[in-house]
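Presented below is the structure to which this report refers.
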Amino acid sequence: MRQGKSASPTGLEKAAVFLIAIGPELAARVFRPMNQDEVELLSLEIARQRQVLPERRDRVLHEFYQLAVAQEYISTGGLEYARGLLEKALGPAKAAEIMEHLVASLQVRPFEFARKADPSQLLSLSPRGTSADDRPCPGLP
């Protein structure tokens, strides 16, 4: 995050951190279906990221994982189905937090590039439950 910005990173900043975290080979695969403007915008944001601290990287990867799982629930049964599954799996408070992020992301679309890809391919980009350097991600199964 750049100084002078709010404490909450933008979707573009999160996308850049995500692409840095998955490494150049996988990031290149993510870039392939994008148009030139999207590639340039993300590349510029990647270049602006001078240092990505492990905690920040892990937060972005964890958020991406939660959104991917919730998106899968929605595609199979809608928002209420997703809410019910998340409440059973994570409890009402955590489910409400994820649903809030999910509804906001459906409106803002911070990971738009990921929405164009097959969910199974995206989940295969990073081993489930580990970070890019194979350390367990906090809170992931």
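Quick look at the values:
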{"quantity": "Separation in nanometres of the label points that stand 7 Å from Cα toward Cβ, at residue 48 and residue 62", "calculated": "2.5 nm"}
{"quantity": "Rg to Rh quotient for segment 26-89, alpha carbon positions, Kirkwood Rh", "calculated": "1.11"}
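Each reported figure results from applying straightforward, stated rules to the coordinates on display, with no laboratory input. These numbers were taken from a predicted model, which means no experiment stands behind them. No Cβ is skipped: glycine too gets one built from the backbone with ideal geometry, and neighbour counts run over all protein chains shown.
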